[in-house]
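Engineer: Have a look at this one.
Computed from the coordinates by the stated procedures, all read-outs in this text should not be read as laboratory data. Remember, it's a predicted structure, so these values are computed and weren't measured experimentally. As a convention, Cβ positions derive from the backbone with ideal geometry for all residues, glycine included, and neighbour counts pool all protein chains shown.
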């Protein structure tokens, strides 16, 4: 996901054999602005699926950072819900905020 903002109004489910990669900082379609994933419910990563979400210059370089050895870019993804994993191939999350307002829990930032 490197083409600006993507907003999911509802549950996002990544199924077996699928992958969602949202570890980009720039909008590569326009050359201006940023990329960001926002989900307004649960993110579910099912058996055999892969999720890579978020990036941070200090811990996990964005895939579109021009200097991978000394990165400077970061993303800021948001999930208004929870992350639910059920035997995925892999889940990598950096610099993303999770909050489950329905349960009254505090925001959690994963760096």
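Engineer: Can you sort 47, 36 by how many other beta carbons sit within 10 Å, fewest first?
Structural biologist: Ranking 47, 36 by Cβ neighbours within 10 Å, fewest first, gives 47, 36.
Engineer: Relative contact order, percent, of segment 39-80 when contacts are C-alpha pairs under 8 Å separated by at least 6 residues?
Structural biologist: It comes to 46 percent, rounded to a whole number.
Engineer: Quick check: residue separation of residue 97 and residue 6 times 0.36 nm, minus the Cα distance between them. What number comes out in nm?
Structural biologist: Gain in length upon complete extension: 31.2 nm.
Engineer: For residue 87 and residue 69 in one chain, what is 0.36 nm times their gap in residues minus the Cα-Cα distance, to one decimal in nm?
Structural biologist: Contour length minus Cα-Cα distance gives 3.3 nm.
Engineer: Stretch residue 80-residue 19 to full length: gain in nm at 0.36 nm per residue minus the Cα-Cα span?
Structural biologist: Taking 0.36 nm per residue and subtracting the Cα distance, the gain is 19.9 nm.
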